[in-house]
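The next block holds one structure in the form of structure tokens; read it before the comments.
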Amino acid sequence: MSYPIALAEEVCANFIETIDIRSDSLANIQTDYLTYELNNKPDMIITNPPFNIALDIIKKALDDVKDNGWIIMLLRLNFFGSKQRKEFWDKNMPRYAFVHHKRIGFTEHGGTDSIEYMHCCWQKGSTPDFCELKVI
């Protein structure tokens, strides 16, 4: 809900670049991030990736962001549990996982589903053995 407000702020408009594949988006670039080549390396990439391609987006973001930059993804908590992602976790453990104690509502009426969510945070170049989990 802060997205339109942040974009309207003059100070944010000068340094926030937004990309979205949806044609109804408020983003200034409407394209598929997975095929888009960034002109520069940002300090931070934040997104709510589609679950089925989240790993591809995370990998691209880790490549796209500046050294020591941050990648923050809104993910299902069960994203940690998967045989196919185990090798990725072994090499790319996030620094933090901020688990939401309340379920997030994604409908216009604030309805929730039965999924727990987290903001998973990687810092490029940091490879911790463990992820620090915080409940927020």
In debye to the nearest 20, the charge dipole size for the chain, taken about the Cα centre with +1 at each Lys and Arg Cβ and -1 at each Asp and Glu Cβ, equals 580
Scoring the chain by relative contact order with C-alpha pairs under 8 Å, at least six apart, yields a percentage of 20
The extension gain from Ile19 to Asp67, computed as 0.36 nm times the residue separation minus the Cα-Cα distance, is 15.2 nm
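Only helical DSSP H runs with n ≥ 4 go in: add -39500 (n - 2.57) per run for the chain, normalise by residue count and round the 222 nm mean residue ellipticity to 500 deg cm²/dmol.
Value at 222 nm, helices only: -5000 deg cm²/dmol.
Just the projected area, averaged over all directions, of the convex hull on the alpha carbon atoms of the range 41-108: how many nm²?
With every direction weighted equally, the projected area is 5.5 nm².
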Close lysine pairs (the chain; alpha-carbon distance under 13 Å; 8 or more apart or on separate chains) counted at 8
Over the Cα atoms of the chain the radius of gyration and the largest Cα-Cα distance (Dmax), both in Å, equal 15.4, 45
Comparing Pro42, Pro94, Pro50 in a Gaussian network model of the chain (Cα, 10 Å), the one with the largest mean-square fluctuation is Pro50
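Each value in this text was obtained by applying a stated rule to the coordinates, not by laboratory testing. Everything numeric here is computed off the predicted structure, so don't read it as measured data. We place every Cβ from the backbone using ideal geometry, glycine too, and count neighbours over all the protein chains shown.
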